[in-house]
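Below is one structure, written out as structure tokens; the observations come after it.
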Amino acid sequence: MADNGKTTPDQTALFDAMFKAPQQLFGQFMAGEGASAASGAADLAQWAGVAQRLQQMWFEFQQQQAAQATSNLPKVFSDPGNFAGIMQGWLKALPFSNPDTQKKLWEDSLALWEGVLGQYGIGPKAASASEDGPQLPRKDRRFADPRWREQPFYALVHQTYLMLAEQIMAMAEEIDAGDPARKDQLKFAVRTLVEALSPAHFPLTNPLVMQKAVETKGESLVKGMEHLLADLKRGQLTHVDPEAFKLGENLAATPGKVIYQTELFQLVQYSPTTETVLEVPLVIFPPWINRFYILDLTPQKSFIRWATEQGITVFVVSWKSADASIADIVWDDYIRAEIDAIDTVRERLGVKSVHTIGYCVAGTTLAATLAILARRGEADKVKSATFFTAQVDFEKAGELKVFIDDQQFEALEKLSAENGYLDGRYLAATFNLLRGNDLIWNYVVNNYLLGNEYPAFDLLHWNGDVTNLPAKWHQSYLKDLYRDNKLVVPDALSADGTPIDLTRIETPCFIQAGREDHIAPAESVWRLTRHLRGPWQFLLAGSGHIAGVVNPPSAKKYQYWTNPGSVDTYEDFVAGANETPGSWWPHWLEWLNAQDSTKVPAKGKRVPGGKGDKVIEDAPGSYVKTR
């Protein structure tokens, strides 16, 4: 606009070009001049049939949902107000109504439109068009496909989106929320909104979707609708082909037996693959937030299989997904379960102590378990403890803290009030939101809009195999640890009648963190070293919460960092760290052997299911197969 409020000739030409761009775009999808009348009629009939099928599919889905007494959808999906209302409150802090903000957005938009259209020889900057094709100011991998640049309409749409996204995110960054936690919530809400509104997520503004719809005469849209309705019925986004993997066949297939069982867990012992094994066995405690077979994916990626091949007697706890029968489970029960598993293995093999691994929340629990054993004078039951991406100090616990406030605690209580447990699909949605572009919107485009077939990917199959959580444990864990950070305060918490003081732990500890971990940030994991009395080694692995752990030597991927010096801060560790390419598993094995390298024959109870050995069932067990 000119200063007098009137549109300038250049701006009139710009708007004219903008309105003509969509006409040019959709013209390419119309039948050519040489198309016969019969062909055109057939195409119209095909599209009419597609529209009718889409309408019928949606109508039948609505009828099915209305006929069901209880919906399969978790309340977080069937009643979006649980979270949408909270997000709306956070977003109110943005200064959209500020006149200066509106003026800047308008001026920047005009400048962008002139520049982008000029690259196509349109408007007042038409002379700036390059012989090498359009040179657009902003790049983003979501719009890397050349089809986003072939037509000025799509270029204008996605470049405008990227500019607005930049400015809105900058607004959130500049706002003084008065509280760092509140500001993090605002930034998360803004990022979530901005990701959702990408033009890639709407058929008419995504050239890939439009092209495939035309090429398939609408069949891609029908296939996408089938995928969407299937996910709505199951209440969860599908990432991979659900028929590609079978537990016990091509996932979680390392040979073993369930040798012990309680209402909370099954204890799996794996068959040895070497003639001799380390005398001290290994007991692994995976997180009960997910299935244990993250450590036993395909044979090429299985940490459990690899460990048995190194001559380790491996036991793994398979936690039961919560149902009404264990709705009253609390943290004390998980700590007792870890002690129970340790004692069961010691008794079964006739050994004084065991090596342990605790992953994520089970690692946090292992730290509490070690403190309790130390207070009771039973620390010698554990020869060593390894922690995979486990936190004990939650002051800097990462992006999950955006979900920690009283309003969200109340929403969680409502979600679990009926059955006493939190539906695992809610937690899956929460973790997916932390990486929305990668774990939600990428699949919305591929599965629903493009109607692509699902890939076969073991890690994402595991990611979608959700577990329910006992509500009482979940609430107290979030409040006592994430909100109040009590675990690092000596004797502020107790379990099974024993106060917890981490500074009593003298057990040798190996602490692994992921450099790109957004669930348990490396700096937060490091803080465990500040509370231990005994020897410890810290290792920083490349990648994040999952890939940083599941990185077999055969993959030859990533790297890890160690620092043999005496350092007091995470920053000092990083500054003086030595980088080693590849997997960190062999380094850990070397550390484990240094604790006790004594070996014994792999016979007797070291071979589960051998002569006279009563077992319950084959690995991976029934707890991992039920929800």
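For region 105-168, rounded, prolate or oblate, judged on the Cα gyration tensor with a ≥ b ≥ c (square roots of eigenvalues), a/c < 1.5 rounded, else prolate if a/b > b/c? The shape class here is oblate.
Please label the shape of region 476-624 as rounded, prolate or oblate, based on the square roots a ≥ b ≥ c of the eigenvalues of the alpha-carbon gyration tensor (a/c under 1.5 means rounded; beyond that, a/b larger than b/c means prolate, else oblate).
Oblate, because a/c is 1.5 or more while a/b does not exceed b/c.
Between the C-alpha center of region 512-539 and that of region 121-199 there is a gap of 36 Å. Rounded to the nearest 10 degrees, the inclination of helix 219-234 to the longest alpha-carbon principal axis of the chain is 40 degrees. Since only ALA67, LEU439, SER302 are under comparison, the one whose Cα sits farthest along the positive direction of the charge dipole of the chain, derived from C-beta charges on Lys, Arg, Asp and Glu, is SER302.
Converting phi to 3J(HN,Hα) with the Karplus coefficients 6.51, -1.76 and 1.60 and the offset θ = phi - 60°, region 367-383 yields 4, 5, 4, 4, 5, 5, 4, 5, 5, 8, x, 10, 4, 6, 5, 10, 6 Hz in sequence order, with x at every glycine or proline.
On a straight-distance basis, which aspartates and glutamates could pair with LYS472 in a cross-link, Cα separation under 15 angstrom, same-chain partners fewer than 8 positions away excluded? Reachable aspartates and glutamates: ASP323, ASP328, ASP332, ASP333, GLU410, GLU413, GLU418, ASP423, ASP480. When the chain is described by a simple charge dipole with +1 on each Lys and Arg Cβ and -1 on each Asp and Glu Cβ, the residue from PRO586, ILE342, VAL116 located farthest towards its positive end is ILE342.
Pairs spanning more than 30 Å between alpha-carbon atoms, out of LYS479/LYS556; LYS352/LYS556; LYS183/LYS301; LYS139/LYS187; LYS320/LYS599; LYS125/LYS212: LYS479/LYS556; LYS352/LYS556; LYS183/LYS301; LYS320/LYS599; LYS125/LYS212. When a/c is below 1.5 the answer is rounded, else prolate if a/b is larger than b/c, else oblate, so apply that to region 577-627 with a ≥ b ≥ c taken from the square roots of the Cα gyration tensor eigenvalues. Cα axes put region 577-627 in the oblate bin. Ordering 120-130, 280-290 by mean Cβ neighbour count within 10 Å, with the highest value first, yields 280-290, 120-130. Against the criterion of solvent-accessible heavy-atom surface with a 1.4 angstrom probe, CYS360, CYS509 sort, most first, into CYS360, CYS509. Looking at the chain, the DSSP beta bridges with both ends there are about 50 percent antiparallel. Each Cα pair under 8 Å and six or more residues apart adds its separation to the average, and for region 445-548 the resulting relative contact order is 19 percent. Each of ALA177 and GLU453 was given a label point 7 Å from its Cα along the Cα-to-Cβ line. The distance between the two points is 4.4 nm. Computed from the C-beta positions of THR216 and LYS486, the FRET efficiency with R₀ = 56 Å rounds to 0.45.
Charged side chains reduced to their Cβ positions (Lys and Arg at +1, Asp and Glu at -1) give region 106-199 a dipole of some 280 debye around its Cα centre. What the Kirkwood sum gives for the chain is a hydrodynamic radius of 27.7 Å, with every pair of different alpha carbons counted.
Heavy-atom accessible surface of region 259-404, averaged per residue, reaches 27 Å², computed with a 1.4 Å probe.
Charges were assigned to the Cβ only: +1 to each Lys and Arg, -1 to each Asp and Glu. The resulting dipole of region 167-232 about its Cα centre is roughly 180 debye.
Provide the net charge surrounding ILE339, with neighbours chosen by a C-beta distance below 12 Å and charges set as Lys +1, Arg +1, Asp -1, Glu -1. Neighbour charge sum, excluding ILE339 itself: -3. Taken about its Cα centre, the chain carries a charge dipole of roughly 1120 debye when the Cβ of each Lys and Arg holds +1 and the Cβ of each Asp and Glu holds -1.
Computed from backbone phi, the HN-Hα couplings of region 292-306 come to 5, 6, 4, 9, 9, 6, 4, x, 5, 10, 6, 5, 5, 4, 4 Hz, rounded to whole numbers (Karplus: 6.51 cos²θ - 1.76 cosθ + 1.60, θ = phi - 60°; Gly and Pro given as x).
If you count only protein heavy atoms with a 1.4 Å probe, what accessible area per residue comes out for region 182-227, rounded to a whole Å²?
In whole numbers, region 182-227 has 40 Å² accessible per residue.
Solvent-accessible area per residue in region 113-170 equals 50 Å², computed with a 1.4 angstrom probe and all protein chains kept.
Based on DSSP H runs of at least 4 residues, each adding -39500 (n - 2.57), what is the mean residue ellipticity at 222 nm of the chain after dividing by all its residues, to the nearest 500 deg cm²/dmol?
Computed mean residue ellipticity for the chain: -12500 deg cm²/dmol.
Here region 252-378 carries DSSP beta bridges of which approximately 60% are antiparallel, counting only pairs with both residues inside.
Computed from phi, the 3J(HN,Hα) profile of region 261-275 under the Karplus parametrisation 6.51, -1.76, 1.60 (θ = phi - 60°) reads 8, 10, 5, 9, 8, 10, 10, 9, 10, 9, 6, x, 10, 10, 6 Hz, with x in place of Gly and Pro. Here region 436-455 is scanned for amide nitrogen atoms under 18 Å from the site 7 Å beyond the Cα of LEU197 along Cα-to-Cβ, giving 436-437, 441.
How much of the accessible area of the chain, probe 1.4 Å, is carbon plus sulfur, in whole percent? Using a 1.4 Å probe with all protein chains present, the chain comes out at 52 percent carbon and sulfur. Using the Stokes-Einstein relation with a Kirkwood hydrodynamic radius computed over Cα pairs, the translational diffusion coefficient of region 344-452 at 4 °C and a viscosity of 1.567 mPa s comes to 73 µm²/s. Solvent exposure of VAL600, expressed as accessible area, is near 30 Å², computed with a probe of 1.4 Å over the protein chains only.
The values are calculated or read from the model by the stated rules, or taken from the named source; none is laboratory data. Here the structure is a predicted model, which means the values were calculated and not measured. Ideal geometry is used to build each Cβ from the backbone, glycine not excepted, and the neighbour counts take in all protein chains shown. Only protein heavy atoms, including side chains, enter the accessible area calculation; ligands, DNA and RNA are left aside. Shrake-Rupley method; radii C 1.70, N 1.55, O 1.52, S 1.80 Å.
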